[in-house]
Amino acid sequence: MKIVYVLFLCLLSSCAQNIKEPKAKTTEETALSQEEIINSVVKTLHLDRDEIKLGTIVSKVFPSNSDEIIIIIPEIVNEEEDIYELNSHIVIANTTTENIKHKYFESSKTNGWISDAVFIEDIAIEDSEYKLNDSVTAFGIMVKFRNNSQPNPYSTSIVSLYAKKNHTLQKLLDNFTTYESSGEVNVNFSDCYADIVKEKNELSISDVTTNGYYNITVLQTITQINYAKDENEECNPIEKRKSEQQYVLKFNNESYEAIKVIAEENTVNFDTLITNTKTRTLPITDSTNFDDFIDEDDYKVIDVKGFKLIDVYPNFYKEGYNFNAIASYKIEMSNNFHTAVITVRKGNNEMESVLINYNLNGDVIDYEVVAYDETAEGIARITSKIENHTIERTYTLWLEEKEVSIERFEIDEEGNIKPEK
């Protein structure tokens, strides 16, 4: 009997050793799938799934906190065929509890998420974060647009930065252009011609602060790519760097804005500036257009501050406008005032020449556009005939039929420019 009892105890001991304690679940095992969290967030926000753009919901685990997930839900509004607008719902949720910790909504009327001829190609959350001070770290949302035009291809990418603030998000940078490409392509396969201009804006965090936030340094590079046949009749691209400049985005207590600072040492006094500007003799026909700026030498460095271009273009240095002064000449029209014509490129698709009259101290008296060209649609041009104290401006519009209109202006002895009566 004792032997049987001992055997029974041994069996119990052996079984006890083989029975394992339940294994505690890891963080990965307790965390919900991204699809489960997205479904929960959509339900919590009371969004209609039929109004969510299929395939455009984006999610990414927060780079610096694996317990949180960023979710972007684009909501369709005003949809007609291939044209639509998207409201943006941006949420940070807990990966285990599904609870929404931060949420942000912006209407299509202000977020720029409009898809038409230039359509939304992609919406993405950037991999990198932006540490803006010791307590604020932002993440970026990139939206890419492009058109379907083969002869006039266009694409652009914009980024907005968001940071946590209480139970919502603060938009710290609004639709900043990081990339833009446009140009003209001959779609005839037997020919080899393309003229494409690309602008790239790289962001990096500075160690200098403004209002408690690090400045963001922008390195802007503009390149031009031309396709042409070489000596072997092969079609090859030739890429030239047109310009490179650096400026900063500074925090203004609400968001970041572009501050393009012109160094004082690069600005000369107006008398020296106007004296050193090349002279053209009247009468002049100004028909400045993109064909005048093919080679790198065609682009000149223009003293924006010296020529008081901010008085003519108040948005010259503001984010998103991408103005660049590229050429100038002067006209000796009167001893009472100075006259200069400055060519300004407005983004990648527009340029214009503006005639500006200055008093003898270099202050702007009056100005008028005398030439204009654009490559986005290729349907509008302005040319002008400038004579002594008169401007005859011709506006040409190519629609179904060519339309031409002419305006005439008089320049008085004080330099004021007035429409001819």
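Observations
- Number of the condition not met by residue 175 [criteria: (1) under 25 Å from residue 350 (Cα atoms); (2) in contact with a Phe, Trp or Tyr (Cβ under 7 Å, 6 or more places away or on another chain)]: (2)
- Of the candidates 124, 138, 117, the single residue that is farther than 18 Å from residue 74 by Cβ, of a type in the set (Gly, Ala, Ser) and touching a strand residue (DSSP E or B) at 6+ places or on another chain (Cβ under 6 Å) is 138.
- Annotation note: of 341, 404, 369, 364, the sole residue that is out of contact with any Lys or Arg (no Cβ under 9 Å at 6 or more places or on another chain) and β-branched (Val, Ile, Thr) is 404.
- Residues being modelled with pLDDT of 95 or more and β-branched (Val, Ile, Thr) - total across the stretch 87-109: 4
- Counting only strands (runs of 3 or more DSSP E) wholly contained in the stretch 200-303, the ones carrying 3 or more residues that are at pLDDT 95 or above occupy 213-229, 284-286.
- Test for residue 122: is it more than 26 Å from the chain's Cα centre (by Cα), loosely packed, with under 13 Cβ neighbours inside 10 Å, within 29 Å of residue 206 (Cβ to Cβ) and not hydroxyl-bearing (Ser, Thr, Tyr): no
- Filter result (over 19 Å from residue 142 (Cα atoms), surrounded by fewer than 16 Cβ atoms within 10 Å (Cβ to Cβ) and of a type in the set (Asp, Glu)) within the stretch 185-225: 191, 207
- Taking the stretch 87-111 as the range and being crowded, with 18+ Cβ neighbours inside 10 Å, within 18 Å of the chain's Cα centre (by Cα) and not hydroxyl-bearing (Ser, Thr, Tyr) as the test, only 111 passes.
- Test for residue 69: is it modelled with pLDDT of 90 or more and closer than 25 Å to residue 176 by Cβ: yes
- In summary, residue 315 fulfils each of the numbered conditions (1) without any contact (Cβ under 8 Å) to a residue 60 or more places away in the chain; (2) outside any strand (DSSP E or B); (3) within 23 Å of residue 181 (Cβ to Cβ); (4) out of contact with any Phe, Trp or Tyr (no Cβ under 8 Å at 6 or more places or on another chain) with the single exception of condition (4).
- Within the stretch 289-304, residues that are closer than 18 Å to residue 273 by Cβ reach partners that are surrounded by fewer than 17 Cβ atoms within 10 Å (Cβ to Cβ) and at pLDDT 80 or above with beta carbons closer than 8 Å, at six or more positions or on different chains, in the pairs 304/310.
- Residue in the stretch 72-95 that is farther than 28 Å from residue 150 by Cβ, assigned to a loop (DSSP other than H, G, I, E, B) and not acidic (Asp, Glu) present: yes
The values are calculated or read from the model by the stated rules, or taken from the named source; none is laboratory data. Predicted model only: the values in this text are computed from it and were never measured. Reconstructed Cβ throughout: ideal geometry from the backbone, glycine too, with neighbour counts over all protein chains shown.
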